[in-house]
Amino acid sequence: MSHQRARWFWGAGLVTAGLVAGILLTSSLDMKQPDMKSLKPAAVTTASASSQEQLSDDEALRMVKATSRAFVAVARQVTPTVVTITSERMIRPSDYQGAPPHEFFGDDFMQRFFGRRGPESFRQRGLGSGVIVSPDGYILTNNHVVGEADKLQVILSDERRFDAKVVGTDPESDIAVVKIDERGLQSARLGDSEQTAVGEWVLAIGSPFQLDATVTLGIVSAKSRSNMGLASYEDFIQTDAAINPGNSGGALVNLDGELIGINTAIATRTGGYQGVGFAIPISMARTIMDQLIESGKVTRGFLGVTIQDVNEDTAKSLDLDSAQGALIAQIATDGPAGRAGLEVGDVIVKLEGRPVKNVRDLMRQVAATKPGRKVGVTIWRDKKERNYNIEVAERPHGDVAEQFGGGEGGQEPESGGLLGLSVQPVTPDLAERLEIDPESKGLVVTDVMPGGPADEAGVQTGDLIRRVNKAEMDSARGFRDALKSLKEGDTVLLLLERDGRTFFRPLKVESR
């Protein structure tokens, strides 16, 4: 990837050759708690201007020193709860993704730099951080720190070392819990990340670059960051506190010394700190942690729908006031939403009375709902709101969870010039050429005009058009009829199918 483009880096760097050595421990300073009385305004005096200026400078200096002592007090309190986690994993030839290294570099390169020839097993070592969350040894960290490790070791702030075992991992949120056999440990106080404010001072504590107990200072830069491509469920706190490789799984704390986030990743063009770091909020991590400790797995709620975001064009085509909500593109008829009466094309605008901003917002809310509980869902259909009560199911695993959870032969393609595409009913020859199911329902897109509305919307040759607005597409005549009433500037909503999944695309009509 070009060095000019931002890259995502997990905070836990990997050391793939040699031992992780030289771990340094930064000792906590024995500092007194700040004297908040020193922050009282100075008394008004009748001193000369020069003495008043000196008094003001002294007071300002005292306030700055008090702030500094506050940072020291928080670091002193929290640092003993943050640990270093080292991991080991044996990489075997069968684990190589694609061609093994020697096929790229040659046996001479492998012999010269690694002392071996050809593909062999080798030990990969990693370094990360974690936070003690209970006196009996439970430690909260990231899945990518421990998820594939064969061996784990935890190093406390007092340099004691313990072998650790994985209690449970959740790759979809990048949360994991490990356990060491020790009691009486100092544990972190969990805060309320929902109350965290943008601009608030925070400290990040972890083990970047093998430097234990490193403390950095910054502010909360933003909240509820999602669509980062880092995990399936994202609601990150963004911070400018320095986070570097090795910080993953470490603590993000407020000035009350409360854990408000688990440091996870950075956005960088260099591989190091550039002022943009991300932490999983403790409100999200705590729910997952409790389930992992209790059962070793995470159970999430499930509605049985495939959803997509609503953009401005889609909102216009559906007469929605704003581009918010989650548009249902596919629905399992025997799933919770299908049984309750929801339909493809409905927009979920509220859950339990709370507005739904987008797909990620709805996913988080539904996932956090206990299976078996009934929730109120408000949808937008036919230019008005409708309310339903839906009993949330347990989300299944695998492909089901990802998705929802015969035509007229021998015809020429029908041109949709207004939309910049051509369509044709599915024929055996067409199905074979485009590698689609010959029993597919709908009209197949046979051509997309470069630069036209369909092209701009991402429609591809081989897509199936299942619906145009509310009209089901089962014949070329139906397609023509659906376009008759359209005029320049209108927005039409196509329901498409590609690779077995359905989704919507809004297209703006061009002049005839």
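Determine which single condition Val253 fails, assuming it passes every other condition in (1) in contact with a strand residue (DSSP E or B) (Cβ under 7 Å, 6 or more places away or on another chain); (2) over 16 Å from Val82 (Cα atoms); (3) not charged (D, E, K, R).
Only one criterion in (1) in contact with a strand residue (DSSP E or B) (Cβ under 7 Å, 6 or more places away or on another chain); (2) over 16 Å from Val82 (Cα atoms); (3) not charged (D, E, K, R) is unmet by Val253, namely (2).
Quick one: Ile307 ticks every box in (1) surrounded by fewer than 18 Cβ atoms within 10 Å (Cβ to Cβ); (2) β-branched (Val, Ile, Thr); (3) outside the structural domain of Glu200 (by TED's automatic domain parsing) except a single one, so which number is it?
(1)
Quick check on Ser121: is it modelled with pLDDT of 90 or more and not charged (D, E, K, R)?
no
State yes or no: is Arg116 modelled with pLDDT of 95 or more, more than 31 Å from the chain's Cα centre (by Cα) and surrounded by fewer than 15 Cβ atoms within 10 Å (Cβ to Cβ)?
no
Within segment 465-485, can one find any residue that is of a type in the set (Lys, Arg), at pLDDT below 85, surrounded by fewer than 16 Cβ atoms within 10 Å (Cβ to Cβ) and touching a strand residue (DSSP E or B) at 6+ places or on another chain (Cβ under 7 Å)?
Yes, the conditions are met somewhere in segment 465-485.
Among the residues of segment 428-477, what is the count of those that are over 17 Å from Phe504 (Cα atoms), assigned to a loop (DSSP other than H, G, I, E, B) and either among the basic types (Lys, Arg) or outside the structural domain of Phe503 (by TED's automatic domain parsing) (or both)?
Counting residues in segment 428-477 that are over 17 Å from Phe504 (Cα atoms), assigned to a loop (DSSP other than H, G, I, E, B) and either among the basic types (Lys, Arg) or outside the structural domain of Phe503 (by TED's automatic domain parsing) (or both) gives 0.
Which of (1) surrounded by fewer than 24 Cβ atoms within 10 Å (Cβ to Cβ); (2) touching a helix residue (DSSP H, G or I) at 6+ places or on another chain (Cβ under 6 Å) is the odd one out, the single condition Glu258 does not satisfy?
Evaluating Glu258 over (1) surrounded by fewer than 24 Cβ atoms within 10 Å (Cβ to Cβ); (2) touching a helix residue (DSSP H, G or I) at 6+ places or on another chain (Cβ under 6 Å) leaves (2) as the failure.
Name every residue in segment 261-286 that is surrounded by fewer than 16 Cβ atoms within 10 Å (Cβ to Cβ) and either in contact with an Asp or Glu (Cβ under 9 Å, 6 or more places away or on another chain) or closer than 23 Å to Leu351 by Cα (or both), in order of residue number.
Gly275
Among the numbered criteria (1) in contact with a helix residue (DSSP H, G or I) (Cβ under 8 Å, 6 or more places away or on another chain); (2) not in a loop (DSSP other than H, G, I, E, B), which single criterion is violated by Thr216?
(1)
Could you look through segment 208-247, keep only residues that are among the polar types (S, T, N, Q) and at pLDDT 90 or above, and pick out the one that is surrounded by the fewest Cβ atoms within 10 Å (Cβ to Cβ)?
Result: Ser221.
The values are calculated or read from the model by the stated rules, or taken from the named source; none is laboratory data. Given the structure is predicted, the values throughout are model-derived calculations rather than measurements. Using ideal geometry, Cβ is built from the backbone for each residue, glycine included, and neighbour counts are taken over all protein chains shown.
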